[in-house]
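Read the structure below first, then the notes.
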Amino acid sequence: MAQQLSPAEEARALSIVERCLEHQSEKQTRMVRRMCGTNAALLNRVTSLLAVAGVENTYFSESVITDWIEDIPARIGPYKVSDILGRGGMGVVLLAERDDGVFDKQVAIKLILPKFKSDMFAQHFAMERKILALLDHPSIVRIIDGGEIDGRPYLVMDLARGVSLLAHAKSHNLSKRDNLKLFIAVCEAVQFAHRNLVIHADLKPSNILVDEDGRVKLLDFGVARLLEDGVIDVGKSAGLTHGYSPPERIAGTVSANIAGDVFSLGVILSELLTGQSHDTYQRSIEDPDLAAIAAMAKAPDPNNRYPDVSALLADTRYYLNDFPVAAMPAGWRYSAVKFIRRHRRGLALTTALGSLLLGATVVSTSLYFSAERARAEADARFADARGTARYLLYDLMNKLEQQPQSLLLREQVADVAQHYLDRLSNARQASPEVKLETATGLWRLAEQQAKAGTPSLDQPDKADANLRKAEAILLTLTGDKAPVLLARIRLDRVSLASDIQADQAAADRLLAQAKSSVHAVVDQVPGLQRDYLFALASLRVWQGRYADAKRAARSALGQKYDLSLRSDVLAMARITDILAEATYYDGDPRAAAVLYKNAMEMLQSAQNRWPTDTFVLKRLSRARWALGSTYLETKQFAEGLRLLEQAQAEAETALAFDTDDQEAKRSVRIAESSRAQALSFLGRTQDAIAIQRQRIAMDRRAWEADREDARALRDYAYSVLVAAEMLDNEGDRIGSCEQDRLAISLYDRASRSGNMSELDSGYNLKLAKARRDRNCA
């Protein structure tokens, strides 16, 4: 058995092997001798790895240590393994074919080595697989499946056939322009991944294939991040390929980032343009512009590199179209030459006239070209910001909503989108079209952050700020689209103020503004009147104006709905629930129960149609809770308990989908509290009180974590109120008195901060005070 290496030495061995495999066999022996020096254990490990990788060399065979044996199964899931395509530091890539009759397709499977088996690695690998599956781009090899076999994770990928980037360029004797087109395709794929918050971290020619049709295919996206995230403890320089990795990562001072990928692309560009490997450069890049582009991309100091791949892309495209590049020093002569090249056909009509005009306008030409360059750079950045924000908010967010355990990732995506939208909203040169697009993006982001009745991120303060920004932008615009968006934004502000912030006075003011905006465009937008009526009904319930709420809700239910659409089914169920709420608090729980049941049946039907939709499941859980709680009021205790147990189970299923989901956590606590009430009514008082004490402790901790959270304070007060009712039913007047006093003090705190609704003060607080007066006397 060979001597055990330290994590740092193991990382060094992998790095040496990766570097050796980039070169021909005659160079490998010298490289191994030079890089391993007198470290015998390191030398043995390197030669062992190279031997397994199929390297034939007498120097290696003398000291091969066969302490690493791969166990490659004949089948992996539904795939039959037929060949080995390649090996690397983390695993082996296999050729396989699905032969279970579902479909016939050859694939590549990356199987991780046995040495990396661990629960922690498996969990991280599973999350990484889900992220990488979102990278649906024609130049990125697609992840189509994955799992574990004997505890070893694997990825199933589309089979990409081709040769490495440099081999393709050499074998086809590509022109400089064709090489740059290949490079642009690589950059576009990397830029797409960065927009999806995925860093490659190991870009090099062997990870870039070109197929027989000349199409680029990037391999191994995100795998190096598993090393950087500490999932595999093999040292800070693990997974790095020297020469392609930036100096700051070789030194171990930073983790994988955008600047590192930009550096790697700079090295690849240099190799394409010189036709030589990075460690054998014998000649420099001949064109000054391209030399400057490559030098800026691979600058030793990351602060001197292109800030992102879009900037590198922009300069490469500028070069191809004879525009000044940002990497070159500015100057009128340089800009003039570029201008002449772009317009050489027109200028060639009369050389004399061209010379005369050029000589007569030296100063104005210099100013013009400087402005042209700045404008081109700004346009490129502007277009990138727009495209990135649009992709993050619509395509990526929609995909992530259906992915388990993705809430924290959605928060990161929202933060990145916020950055781009802030850049756009602060741009003075933005056209009306871009301003409208920016306002739309801010509205979409706000809905992701905190729209009631949606799978939001529970970030009401951020949502409020973005809605205000969007509204301010729209008030400066004219045209048909801006007023429609303004009406939607004002309706969202009403819901935010009433349902989440509990600021009824502000909600009333906003509702008046929303009403005028909606009426101005209601004929243009089907469904907008329905949304207004819903906001009106919801606000009136919170204000305790139940007759007004019922009128608005019934009017909303009289609007048109397309029940083949998920959105319309959910909307109809929500407005039915609002009508039921108003009916219940207006003193008719039996009529309310009928309405709650209608809403529940709508959502049950939706759950049957969309069984994997966790948001529909959460709405169904809430509907069962509402009906079950109402049954307790009508003394249907057994049926109420059954529904509340279902509601809790469904809320727990939703929470398991994403354990960071605060709304699901809240739903679990509320359902459990109501279940405790049902147990109390059925005579199981001690069980009920024990459950409720746990609920109080959980709600108290949730509020203490953020004392500015109005909903958390009201939840805490309500759970204490329920405990008081249970103790009162048990005949414990002293205990009930103490709990009611605490509930009243919490409601008073909410009232002083302006965060208590009329529903709280006119119903819950009234009950607590009446019971306190009876039990505390």
For Phe323, residues with placed amide H under 5 Å, excluding near neighbours = none
Among Leu644, Ile670, Gly683, the residue whose Cα sits farthest towards the positive end of the charge dipole of region 640-689, when +1 is placed on the Cβ of each Lys and Arg and -1 on the Cβ of each Asp and Glu, is Gly683
Phi angles of region 470-486, converted by Karplus (6.51 cos²θ - 1.76 cosθ + 1.60, θ = phi - 60°) into ³J(HN,Hα) in whole Hz with x for Gly and Pro, give 4, 5, 4, 5, 5, 5, 9, 9, 10, x, 7, 7, 4, x, 5, 5, 4
Would you rank Val416, Val434 by solvent-accessible area, highest first, keeping every protein chain in place and using a 1.4 Å probe?
-> Val416, Val434
Once phi is turned into ³J(HN,Hα) by the Karplus curve 6.51 cos²θ - 1.76 cosθ + 1.60 with θ = phi - 60°, what whole-Hz value does each residue of region 456-463 show in order, with x for glycine and proline?
-> 8, 8, 6, 10, x, 5, 5, 4
Once both labels are modelled 7 Å past Cα along the beta-carbon direction, what's the Arg566-Met31 spacing in nm?
-> 4.9 nm
Restricting region 625-708 to trypsin sites (Lys or Arg not before Pro) in coil, as DSSP defines it, with at most 15 other Cβ within 10 Å = Lys635, Arg684, Arg707
Hey, can you grab everything whose amide H is under 5 Å from the amide H of Leu457? Only 5+ residues off in sequence or another chain; H modelled, so Pro and N-termini drop out.
-> Gln449, Ala450, Lys451
Scan around Gly146 for amide H atoms under 5 Å from its own, H built in the peptide plane at 1.01 Å from N, and keep only partners 5 or more places away or cross-chain.
-> Val156
Per-residue ³J(HN,Hα) for region 173-184, Karplus 6.51 cos²θ - 1.76 cosθ + 1.60, θ = phi - 60°, Hz, x for Gly and Pro = 6, 5, 6, 4, 5, 5, 4, 5, 5, 4, 4, 4
With a 1.4 Å probe and every protein chain left in place, tell me how much accessible area Asp613 has, in Å² to the nearest 10.
-> 20 Å²
With all protein chains modelled, accessible area of Glu645 [1.4 Å, Å²] = 90 Å²
From the Cα centre of region 693-762 to that of region 493-545, the distance in Å is 28 Å
Of the listed pairs Lys560/Lys665; Lys618/Lys769; Lys105/Lys217; Lys481/Lys597, those with alpha carbons more than 29 Å apart are Lys560/Lys665; Lys618/Lys769; Lys481/Lys597
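The values are calculated or read from the model by the stated rules, or taken from the named source; none is laboratory data. As the structure is a prediction and not an experimental result, all values here were calculated from the model. Quick reminder, even Gly has a Cβ in these numbers, built from the backbone with ideal geometry, and neighbours come from all protein chains shown. The accessibility values were calculated without ligands, DNA or RNA, using every heavy atom of the protein model including side chains. Shrake-Rupley method; radii C 1.70, N 1.55, O 1.52, S 1.80 Å.
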